[in-house]
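Beneath this line is the structure, given in structure tokens, with notes to follow.
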Amino acid sequence: MDFPTSTLAIARAVRLVSTARLRDPVLLRLVDPPLLDDLAEIEGATSARLRDESLATSLFPSGRPHSNFVNAAFAYFRPREPNRFNGPERGAWYAALEVETSIAEVAFHIRRELDRVRDYNAVVEYSEMWASFAGDFVDLRDVAPAPDCLHPDPAIGYPAGNLLANQAMAAGLNGIVYPSVRRPDGTCLVALWPHVVQSVAQGEVIRLVWAGRPVPTVEHIDSH
């Protein structure tokens, strides 16, 4: 691995999580509480999603606040479309040091989907999930010129990023900190292991509104 590493202590970095995942399942209103454990056992026996999440849980104890969001980030991934630092075989926890950077990163991915259907009308809401991080990270913040893993074209950046992430994991590093590709002067990080994500706390709700244009408006909603 040809990139520098740094020992970091980051007190606050934010990930945006869809508010749909904050709501209670519909079945909670339809099933008597004593039956929920039985249904959970049945689903757990047949659900690959829950089996994968169970593996993640072994690294991030379920008793910690918001552990389900941390485990889900590592258990759920898109098998046909990798992200910058994770591929079809594993997930990762992406975050940013600034809320504006997280918004820019999320908006890029949603706009890419809207580009495919050529319909820029959508409303999505996300909740801030703040967490702290510490340990040894690959540090790309002062690397020049920008390496291939930070190329704005996913076809170039994502394969190179996955290669770097695999090397970082093999070396026992906690993750990668890097300049945002979608927001100038922004800083992002990716935690490659569930246990790296610490002290998770929910923040406010952010609404992104596309009203016929590729660029959304941003609304901050007090969730308390």
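Values computed for the structure shown
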read-out	value
Single residue of the range 106-124 satisfying the filter (not in a loop (DSSP other than H, G, I, E, B) and not hydrophobic (A, V, I, L, M, F, W, C)) that is surrounded by the most Cβ atoms within 10 Å (Cβ to Cβ)	R111
Unique residue being surrounded by 15 or more Cβ atoms within 10 Å (Cβ to Cβ) and modelled with pLDDT of 95 or more when the list is A165, A171	A165
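Condition check ((1) in a helix (DSSP H, G or I); (2) surrounded by fewer than 16 Cβ atoms within 10 Å (Cβ to Cβ); (3) at pLDDT 90 or above) across all residues:
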residue	(1), (2), (3)
V31	no, yes, no
L36	yes, yes, no
E43	yes, yes, no
D52	yes, no, no
G63	no, yes, no
F74	yes, no, no
A95	no, no, yes
I103	yes, no, yes
S127	no, no, yes
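The values are calculated or read from the model by the stated rules, or taken from the named source; none is laboratory data. Owing to the predicted nature of the structure, the values given are computational and were not obtained by experimental measurement. When we count neighbours, we look across all protein chains shown, and the Cβ atoms used for this are built from the backbone with ideal geometry, even at glycine.
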